[in-house]
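So the structure is just underneath, and the comments pick up after that.
The values are calculated or read from the model by the stated rules, or taken from the named source; none is laboratory data. Being a predicted model, the structure only gives us computed values, none of them experimental. Cβ placement follows ideal geometry from the backbone for every residue including glycine, while neighbour counts extend to all protein chains displayed. Each accessible area value is taken on the protein alone, full model and side chains, heavy atoms only, with ligands, DNA and RNA left out. Shrake-Rupley method; radii C 1.70, N 1.55, O 1.52, S 1.80 Å.
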Amino acid sequence: MKRSAIRQLWQARWLWALLALGAQACVVNPVPTPFTSGEANAGGGASKVEDATSAGDASGGADTALVFPGGTDSSSDASAADSSTGADSVLGKDSSAAPPDSIGNTGLSQAGAQDFGLFRAILEAGGIPKPATLDDLGFFAEHKLDYPDPLCGQDMCMHALLGVMGNMITGSTCTLVQIGLNTPLKVEEQTRPPLDLVLAIDTSTSMQGEPIAHVQQGLQQMLDQLQPGDTVSLVAFADAAVVLASGVPLANKAQVEKAILQLKAGGQTDLFAGLFQAFQLASSLHQPGREARVVLLSDGASTTGLQAPAKLVSMAASYAKLGIGLTTIGVGGNAAAAVLADLAEVGAGQFYFLDKPAGVKEVFTEEVKTFLIPVALDVHIAVKVGGGYVLKAVYGTHGWQGGSDGGVISIPTLFLAGRLAAGEPLPGTGEGRRGGGGAILIELVPLPGVQDKGVTELTLTWKHPKTGAVATQNVAVVGALYPGAQIPDGGLFSSPTVEKGFVMLNVLAAFQLACALALDNDPGAAQGVLLALQPAVSKWLSGQAKPDPDIADDMKYVAMFIANLQKAAQQTPVSKPPDPWPKD
Amino acid sequence: MQRSWLLLAALALPACEWRYAPQWPVAPDGGTTLDSPPTDVTDGVSWSPDGGSNWAPDAPPVQRNPNQFPPIQGALAIGNATASTLVVRVRPLLATVQLDCEQVAAAPSQWLSRNLFAPAQIWQVQSGRAFAVGVSGSKDACTALLVDGGSMPMALLFWKTGSYPVVSMPSTVDGGLADRLILVQNSSDGPHLSNHLAVHSAPPVQPAATPPGCAFGQAGDALEWTEPLPDGDGTVLDLATAPNGCHMLQWLGKTGIHTWTVCLPPGAMPFEPGDDFYASPLQGGHNLGQIQGVDLLGSAGKRLRAGRGQDVVYFGKGTAQIAPQPACGVGHDGCGSALEPLAVQVGGNGATATLVAGQTAAAGQGKLGIVRAFDVPVRNSACAGAPGMGRWVESVYTEGGEP
């Protein structure tokens with residue numbers, strides 16, 4: 001719905017007149033505007049009242065109440081459907097109390113794309129990306145959003161934040177609910193079950209030289225991140241799939257290293273055979289109490305064997321149901337990025353796009369710390385829209401199903417996200433933006449005149465990956481103003497996090513619009529979109545005490561996109577009816 | 001206040017209206033970026049940026065002498081009957097798209113979807129001028145174009161080539177052939193295309209979902225195999241199976257050891273290691289329709305017939321009638337191909353069963369399963385695995401093996 005919604009808006013050009021009439025000035029205020037409290041309406045049966053004193057107060061666990069003060073309904077309820085989870089102990093907890101020092105605040109990332117590397121690579125090469133190269137899930141995952149401490153008493157907490165503001169492209173007012181998920185678990189303290197890791201490595205001709213060397217180095221370094229009880233299997237695939245190591249205990253590290261050095265590139269790419277063989281191995285090793293995961297690395301599309309991508313995807317989905325996950329890595333611009341992203345998403349894993357082979361080492365040494373640790377399975381967020389709003393689009397997930405009144409967001413798996421704070425890149429790398437965790441954004445249209453401040457009711461259900469227990473949380477979001485009411489200049493934000501989410505969505509929308517316009521041979525209009533965005537975002541950045549590194553990096557690509565479009569504009573033909581006959 | 005009314009009203013609200021009205025929406029003729037609007041010195045009408053909110057009142061278009069301008073060649077012409085210069089985008093079908101023109105003509109807005117169309121060609125059209133579409137005299141039996149521009153909503157042009165042979169027409173809105181001229185006119189809602197037999201509603205942004213129960217089978221369910229197919233006498237040496245029904249079958253034949261990958265519905269493979277078989281290509285379907293596939297006749301009463309094409313695989317005595325599923329309309333795959341769900345009515349021994357994609361029933365001496373079944377009046381061959389035009393049935397007939 002999300003991509004088509006933007007497209008639909010663009011194509012419904014008769015609305016432009018309305019836009020001109022209804023547009024409001026859009027200057028995002030770097031300082032969130034406080035809300036007043038005590039104006040809540042009937043909620044959704046929530047039982048725990050949270051602090052609601054001011055917007056932007058991210059301390060003390062005043063998460064769901066950040067913006068929507070008031071009262072009895074701006075609340076969060078965490079309870080366990082399975083008493084074995086013990087999550088109901090949160091009931092009655094004073095959420096405004098300072099969190100214990102021992103608690104972590106780690107973001108969670110969804111299965112699927114973890115970056116927008118392909119989009120970046122195309123821009124860096126001077127090209128103009130097509131709309132399909134920009135995945136909102138991957139784009140958001142490169143943005144670290146700092147949520148309030150996770151004090152819900154469960155291993156995963158849901159936060160719902162409200163923002164009402166004028167957008168940064170046209171100034172038209174947006175009403176957004178930002179859903180964030182985090183965990184008190186700390187990456188460095190996590191233990192996981194013993195792992196049976198199966199590596200499926202593309203050794204086709206295109207991997208010759210530097211790429212295969214980087215893969216070998218990365219794999220060897222990755223061994224240091226594994227644990228003594230783990231096993232490693234290695235499948236090389238080119239014209240066919242070959243098993244180089246099968247369930248070798250890490251204790252026999254030398255044998256694994258020897259297998260890694262046996263990787264030699266040459267031949268075509270039989271992606272299906274490689275994945276099939278890897279899953280067969282993982283399935284044969286899979287035992288209760290152990291985790292099995294396939295990591296697939298490839299630099300190109302299938303050129304031999306069974307080449308129907310849909311069959312790869314259905315195979316990955318069928319193994320995910322048996323508890324065998326799949327993480328995918330695409331290397332270089334020829335990688336079948338869309339297929340690899342789909343595979344990871346249905347395979348309860350993550351997809352990484354690496355524009356340079358050297359990035360393999362980063363994924364194998366840093367990301368491996370998190371992509372092996374699922375925090376939640378079978379995650380569902382039921383969204384019920386308040387009577388004064390209509391749901392228009394949902395961004396940052398591929399799992400939305402629903403309509404204008406609400407629906408359900410389904411996420412197969414959530415993993416720990418590696419980055420600890422918005423101002424910091426991935427630990428250890430000094431440059432990576434992956435591991436941000438991202439957000440899910442719900443765009444709402446207010447129905448003016450409705451005297452109902454209820455915005456949304458969210459119900460989270462999820463399954464614990466270790467215990468299998470199912471837990472639930474409820475959050476009701478109530479606004480301070482009635483739907484469609486005049487908002488102050490600068491908009492209303494519940495916290496700096498939702499403000500960043502809003503800016504992030506603006507950049508995404510501008511990128512998507514610019515891609516679509518460029519595809520329509522209209523680079524001038526595409527430039528116009530980005531040029532309209534640029535000053536508003538720059539102003540927001542300059543208003544930050546510490547400029548956000550994610551958004552600042554986004555702006556580098558906005559500028560690059562504009563420069564590429566300027567070149568394209570000089571080559572774009574515009575037809576005209578024939579000129580008059582030359583005068584005699 | 002009724003929520004339904006409010007919902008309708010909300011659709012007209014801008015919400016996070018991302019659309020941006022660029023000051024000058026297109027690059028100018030000649031390919032340089034404009035700093036100011038160009039002026040058409042030819043007729044004295046200045047360029048007016050097409051921003052949607054700046055439409056001039058409905059002034060009559062500039063009157064021109066048709067003889068002043070050279071004629072144009074095409075099937076139809078689109079003329080600017082507004083007082084402003086317009087930017088019109090014309091999107092042709094992708095080169096990879098094939099149409100069953102007779103079928104599509106019945107409901108072009110339903111059968112065609114937006115992702116079948118290529119990037120737009122942009123026309124800068126002065127008031128009173130016209131340009132041609134269908135210029136080349138398509139070798140196809142029909143032509144489809146998506147047309148929009150600035151604040152003009154998208155519309156679909158569809159016509160059979162024989163209805164409008166290429167002719168010479170004036171490149172103005174005056175003095176032309178009335179049945180060949182489609183005008184862009186202003187109204188209170190902004191510009192729109194005039195009524196014409198070739199003008200249809202644009203396909204919806206989101207194609208309508210196929211009604212429940214109208215299964216035609218998804219790409220992930222498809223019957224797939226690698227070439228070459230097994231042929232002649234063989235013995236199954238090894239069989240590896242994935243939970244989605246894909247198998248890697250290693251077999252020993254007269255020329256050595258071979259590996260065959262085949263994806264069937266889960267549980268449909270009757271063979272196991274050690275089984276002998278005789279493999280032969282399918283020569284035709286149950287109704288002698290064209291079909292491709294393989295027949296593996298095994299020892300111990302096992303058999304696998306897997307085929308795809310215009311017919312179901314042969315299953316012995318009985319009848320098989322293939323027809324559209326009633327009240328199902330049309331669905332679209334991810335590439336925009338239009339698929340009309342089909343059902344197979346199987347008769348025999350005084351009983352009948354109607355099978356749609358994903359269903360199995362007893363037939364002959366074994367079981368007949370329909371994997372996917374649909375008619376393809378619109379095909380985009382750009383997608384891997386896109387079926388051919390016309391009827392497409394994937395079916396499996398098995399005897400023996402585990403249920």
| message | Which numbered condition in (1) among the polar types (S, T, N, Q); (2) touching a Pro at 6+ places or on another chain (Cβ under 7 Å); (3) in a loop (DSSP other than H, G, I, E, B) is the only one that B:SER168 fails? | response | (3)
| Among (1) more than 14 Å from every other protein chain (Cβ to nearest Cβ); (2) closer than 30 Å to A:THR472 by Cβ, which single condition is A:PRO228 missing? | (2)
| task | Please state which one of A:THR205, A:THR133, A:THR175, A:THR191 is within 14 Å of chain B (Cβ to nearest Cβ) and either among the β-branched types (Val, Ile, Thr) or open to solvent by less than 10 Å² (accessible area, probe 1.4 Å) (or both). | result | A:THR175
| B:ASN186 vs. criteria polar (S, T, N, Q) and not in a strand (DSSP E or B) | no
| request: Evaluate the range A:537-552: report whether one residue or more is within 13 Å of chain B (Cβ to nearest Cβ) and of a type in the set (Gly, Ala, Ser). | output: no
| request: For the range B:216-232, indicate whether the set of residues that are at pLDDT below 90 and in contact with a Cys (Cβ under 9 Å, 6 or more places away or on another chain) is non-empty. | output: yes
| message | Of everything in the range A:276-307, what is touching a strand residue (DSSP E or B) at 6+ places or on another chain (Cβ under 8 Å) and within 9 Å of chain B (Cβ to nearest Cβ)? Give them in sequence order. | response | A:PHE276, A:GLN277, A:PHE279, A:GLN280, A:SER283, A:GLY305, A:LEU306
| Sole exception among (1) facing chain B (nearest Cβ under 9 Å); (2) crowded, with 23+ Cβ neighbours inside 10 Å for A:ALA310, by number | (2)
| Residues in the range B:196-222 that are at the interface with chain A (Cβ under 10 Å from one of its Cβ atoms), open to solvent by less than 40 Å² (accessible area, probe 1.4 Å) and either out of contact with any helix residue (DSSP H, G or I) (no Cβ under 6 Å at 6 or more places or on another chain) or in a loop (DSSP other than H, G, I, E, B) (or both): how many? | 3
| said: Quick check on the range A:350-380: of everything there that is among the basic types (Lys, Arg) and farther than 13 Å from A:ALA417 by Cα, which residue is most open to solvent (accessible area, probe 1.4 Å)? | reply: A:LYS356
| query | Quick check, is B:LEU183 touching a residue at least 60 places away in the same chain (Cβ under 8 Å), of a type in the set (A, V, I, L, M) and surrounded by fewer than 23 Cβ atoms within 10 Å (Cβ to Cβ)? | reply | yes
| note | The strands (runs of 3 or more DSSP E) lying entirely within the range A:432-535 that contain at least 1 residues which are closer than 26 Å to B:VAL87 by Cβ are none
| Could you give every pair whose Cβ atoms fall below 6 Å, whose first residue belongs to the range A:308-320 and is in contact (Cβ under 8 Å) with a residue 12 or more places away in the chain and of a type in the set (D, E, K, R), and whose second residue is buried (at least 22 other Cβ atoms within 10 Å of the Cβ) and outside any helix (DSSP H, G or I), counting only separations of at least 6 or pairs across chains? | A:LYS311/B:GLU224; A:LYS311/B:CYS263
| said: Out of everything in the range A:313-325 that is of a type outside the set (Ser, Thr, Tyr) and open to solvent by 10 Å² or more (accessible area, probe 1.4 Å), what residue ends up being farthest from the other protein chains (Cβ to nearest Cβ)? | reply: A:GLY323
| query | Do we have A:ALA254 as over 32 Å from the mean Cα position of the chain (by Cα), more than 25 Å from B:CYS263 (Cα to Cα) and open to solvent by less than 20 Å² (accessible area, probe 1.4 Å) here? | reply | no
| How many residues are more than 26 Å from A:ILE103 (Cα to Cα) and open to solvent by less than 20 Å² (accessible area, probe 1.4 Å) if we restrict to the range A:150-172? | 8
| task | Could you list all residues from the range A:257-292 that are among the charged types (D, E, K, R), within 23 Å of A:GLY209 (Cα to Cα) and either outside the structural domain of A:LEU226 (by TED's automatic domain parsing) or surrounded by fewer than 24 Cβ atoms within 10 Å (Cβ to Cβ) (or both)? | result | A:GLU257, A:LYS258, A:LYS264
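Could you please let me know if A:THR231 is polar (S, T, N, Q), more than 30 Å from A:LEU275 (Cα to Cα), open to solvent by 10 Å² or more (accessible area, probe 1.4 Å) and in contact with a Leu (Cβ under 7 Å, 6 or more places away or on another chain)?
no
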